């Protein structure tokens, strides 16, 4: 169902409405809808040529139209919140995979 809400999968039967917006309606602006929906993928794919900070800043800048300064400030806040602010300038290939013990 979560994949249908974000329109990553097609709704095969019935209808789905989020915040009074019909998700399955072809007229629905999916990008506008996605601005208010967040998903965390189990297998996420980061751009290997961008730092952790740059990867986090990308969606707010491209989707929400945030300035680079605003996106950076918010991204840094989230990195601090999850305890990895010291990894902001690391590249994904140099960033250890998080395991169940971390």
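Please treat every number below as a calculation from the coordinates, not as lab data. Note that the coordinates shown come from a computational prediction; the quantities given were computed from them, not determined experimentally. Ideal geometry is used to build each Cβ from the backbone, glycine not excepted, and the neighbour counts take in all protein chains shown.
Prolate is the label for segment 8-52, because the ratio a/c of its alpha-carbon gyration tensor axes (a ≥ b ≥ c) is 1.5 or higher and a/b is greater than b/c.
Taking the C-alpha atoms only, the angle from helix 52-62 to the longest principal axis of the chain is near 30 degrees.
Roughly what angle does helix 68-81 make with the longest principal axis of the chain, taking Cα atoms, 0 to 90 degrees, to the nearest 10? Rounded to the nearest ten degrees, it is 80.
Look at the alpha carbon pairs under 8 Å that are at least 6 residues apart: their mean separation over the length of the chain gives a relative contact order of 21 percent. With each label modelled as a point 7 angstrom along the Cα→C-beta vector, the residue 2-residue 85 pair spans 2.8 nm.
Calculated mean residue ellipticity at 222 nm for the chain: -9000 deg cm²/dmol, from DSSP H runs with n ≥ 4 weighted as -39500 (n - 2.57), summed, divided by the residue count and rounded to 500. Of 91, 78, the sequence from fewest to most neighbouring Cβ atoms within 10 angstrom is 78, 91. For Rg and Dmax of the Cα atoms in Å, which listed value, (i) 32.0, 109; (ii) 14.5, 51; (iii) 16.5, 47, comes from the coordinates shown? Label of the calculated value: (iii).
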